[in-house]
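Notes follow the structure.
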Amino acid sequence: MFVLLVGTLAALVALFVEHKGRRETAYRVLRLVLGAGLGSGGVVTLALRLHEAGLLP
């Protein structure tokens, strides 16, 4: 859940904030979160499957 929340917030900031420095920082955070979330053995896929099964809210 934490990875999903941080990734979503970073994407929103990277897309909609006009301040260049904040946009660049958000983009870096988004890359780190996606790299960690997708590269760590499918944690995101596992969370989605558990959610579909009704085990996660």
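Overview of values
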read-out: Stretch gain in nm, segment Phe2-Leu34, where the contour uses 0.36 nm per residue and the Cα spacing is subtracted; value: 10.3 nm
read-out: Estimated distance in nm for a label pair at His51 and Arg22, the labels positioned 7 Å out from Cα along Cα-to-Cβ; value: 2.6 nm
read-out: 3J(HN,Hα) from dihedral phi, region 25-34, Karplus parametrisation 6.51/-1.76/1.60, rounded to Hz, x for glycine, proline; value: 5, 4, 5, 4, 4, 4, 4, 5, 5, 5
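Rule-based calculations on the coordinates, nothing more; no lab input. Because the structure is predicted, anything quoted here is derived from the model rather than measured. Every residue, glycine among them, receives a Cβ derived from its backbone with ideal geometry; neighbour counts consider all protein chains shown.
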